[in-house]
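What follows is a set of notes on a single structure, which appears directly below.
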Amino acid sequence: MTPAIWMFLAFVVATLGITVWAAKRNTGASAYFAAGRSITGWQNGLAVAGDYMSAASFLGISGMIALYGFDGFMYSVGWLVAYLTVLLVVAEPLRNAGKYTMADLLAYRLSPRPVRAMASLSTITVSTFYMVAQMIGAGALVKLLLKDIPWITTNTAIIGVGVMMVVYVVFGGMLATTWVQIIKAILLMTGTIFLSALVMKHYGFSFERFFDAASHITYLDSKTKLEVTRNFLDPGMKFGDAATAGIGKWDLVSLGIALLFGTAGLPHILVRFYTVPDAKTARVSVVWAMVIIGSFYILTTFLGFGAATIIRPDHIVTDNMAAPQLAETLGGPLFFAFISAVAFATILAVVAGLTISASASFAHDFYSNVLHHGKETNPDSEVLVARITAFVVGGVSIFLAIQLQTVNVAFLVGLAFAVAASANLPVIVLSIFWKRFSTTGAVAGLAVGLLASIVLILISPSLMGIDPPEVVGAKRHLIQMNAIFPLTNPGILSIPIGFLAAILGSLLRPEPEAEAKFEELQVRAQTGLGAETASSH
Amino acid sequence: MNQTQTSASTPWSRIAQHPQYQELLRSKRAFILPASLFFVAYYFALPILVGWWPELMKKPVLGPINAAYLFALSEFFMAWAIAYVYVQKAGKWDEQARQILAKESSDSAHH
């Protein structure tokens, strides 16, 4: 047994212990879906950070910076600044007006059944894309880490992750999921700080030497096979005019829009604000999350440029493995094992968070309020449905992840952000701030935003392109035609389309009842009068 | 959440008419709107400068560190600063909201 397996097993045992503890406390719907609204500000801040710092950020960004320098760091910036949208616009009104899901806010003054049905569809779509991406990442990671064990393949790794997440969610509910996130966030921060310190130690704790090294990196270019020296602090290696025939800068702006507005529409982040006692605590938790997430993304400077300077881009095995490889080079096999186990814990925790938000939305929005018209008298049946949904979501994700294991992971995460930004965010914002927003507007905004982002990605260079015959496997485009939409990220077009559909729908079919209830929603959102309280079950 | 009456005088409609509540909304809007416009503008200044004026952003400013990296780093501090100011302001809004709710509950006790 390698140290990586021991550390991974320790994490599994600890989190299963938490699940058993949480299962005993899960009495009633509020406990199951919202951890009894008992989570404190700093705890929820860590949990939000844990939900957010996925494998895509830890492994993906370090790798992106290691290979593309500054352009990779642009992701880090967007991922933090996005939290200002959450803090200033969404978190507190959502906490005050809702109960368990994003749709609660919409259904407050709109016709609940159509709005909840659409919101549930978009929540499950976003969560599934995100989850499949994480599970494919987990499969690849585990196969690489545990390559000496014969029965560990990509498929068994995906199935293992799927089973674990179902166990957390079915038995432990939101309480266990939250604590899994908290532990994972602490482990990830510890690992990142330690690895950054090792990078700085390598440079004698001199920032000047570190940045000097990052500005002159000599390596063998993978395309030209010639030795080149590049300044990795300079922008343009991924999005620059030379690398992308002038289209990259538009992609960069489009990506920025999707990151900035997608975060505030991610269902698994939004449901976190229901786990705290009140709006003030929700605000405090966003601030905690911003401190942790911001520090983490600043540290990606050391992980990414550290890998670029110490390992060098031509020696990095795959872009997603730059951080673990750096850990091995600087800290030896034991530290490599720790960082790998942290990466795996990260995936597991994020996947559990996604599962609970998807199953809460199905049970609360679709089962209770659409099928049973909100008149379900036994709240336990809502929890039972959520548990069954977690099984189904787990099964479907395992199936999809195994089928799609060659698809690019970043593309799936980008799709999740784009759908969240184009479908969810417009209706959330308009519902809080625009009196004339109507049911037709909400359904149109959700449906058109969802459709626009998916269609634009289908016809983008992510999926369309003509490859020479020697390109095979994951690198080969799914549709062998020239891309119709030139950008890989649809945000710049699909988000305005989502807003436009929501506004036009409201203007075409106004709803006096919804306008009459605007005042009530506003008072509740802004003062907290009537908001769900800590012991509401 | 659907248990609210729609009669003319609900606690919500009474609060909505309250001058203190109107003041609270004004005060929130006066901060959140300009702060949001500012952070969106500041944020997009980075991809726009980097995308359209790369040579300018490649200029070394602090030793080997160029303008692009320093600007990117400043985004983090900008976000933290706005969050800090917002939390300070929000503390005052909490107090105002509490006063409004206290007044409303004592008023409705008299009816």
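Where does each of A:SER206, A:SER127 land when they are ranked from fewest to most other beta-carbon atoms within 10 angstrom?
Taking fewest neighbouring Cβ atoms as first place, the list is A:SER206, A:SER127.
Going by how many other beta carbons lie within 10 Å of each one, how would you line up A:THR275, A:THR123, fewest first?
A:THR275, A:THR123
Report, in whole Å, the centroid distance computed from the Cα atoms of the range B:57-95 and the range A:52-83.
Centre-to-centre (Cα) distance: 17 Å.
Taking each residue of B:87-97 in turn, how many C-beta atoms of other protein chains fall within 10 Å of its C-beta, and what is the average?
Whole-number average of other-chain Cβ neighbours for B:87-97 is 3.
Could you list the chymotrypsin sites (Phe, Trp or Tyr not before Pro) in the range A:175-207 that lie in coil according to DSSP, counting only those with at most 16 other Cβ atoms within 10 Å of their Cβ?
A:PHE205
If the cut-off is 17 Å between C-alpha atoms, which lysines fall inside it for A:LYS375, apart from same-chain ones fewer than 8 positions away?
Candidates past the 8-residue exclusion: A:LYS99.
In degrees between 0 and 90, to the nearest 10, how far off the longest principal axis of chain A does helix A:409-419 point, with axes built from Cα atoms?
The helix A:409-419 is inclined about 30 degrees to chain A.
Take A:GLU227 and A:ALA242, extend 7 Å from each Cα along the Cα→Cβ direction, and tell me the distance between the two endpoints in nm.
Going from the A:GLU227 label point to the A:ALA242 one covers 1.9 nm.
Just from its helices, what would the mean residue ellipticity at 222 nm be for the protein assembly as shown, if runs of 4 or more DSSP H residues each count -39500 (n - 2.57) and the sum is divided by every residue, rounded to the nearest 500 deg cm²/dmol?
Rounded to the nearest 500, the figure is -22500 deg cm²/dmol.
For chain A, take the longest principal axis of its alpha carbons; what is the angle in degrees between that and the long axis of helix A:112-145, to the nearest 10 within 0 to 90?
That works out to roughly 20 degrees.
Exposure proxy check: A:LYS225, A:LYS517 ranked by fewest other beta carbons within 10 Å?
Ordered by Cβ neighbours within 10 Å, fewest first: A:LYS225, A:LYS517.
So how tilted is helix A:491-508 from the main axis of chain A? Cα-based, degrees 0 to 90, rounded to 10.
It is inclined by approximately 10 degrees.
Enter the Cα centre distance for the pair the range A:411-478 and the range A:229-283, rounded to the nearest angstrom.
15
Which shape class applies to the range A:39-94: rounded if a/c is under 1.5, otherwise prolate when a/b exceeds b/c and oblate if not, where a ≥ b ≥ c are the square roots of the Cα gyration tensor eigenvalues?
Verdict is oblate for the range A:39-94.
Counting other C-beta atoms within 10 Å, and keeping those with at most 16, which DSSP coil trypsin sites (Lys or Arg not before Pro) do you find in the range A:132-191?
A:LYS147
All of the numbers you see were taken from the coordinates with simple rules; none came from a lab. Here the structure is a predicted model, which means the values were calculated and not measured. Ideal geometry is used to build each Cβ from the backbone, glycine not excepted, and the neighbour counts take in all protein chains shown.
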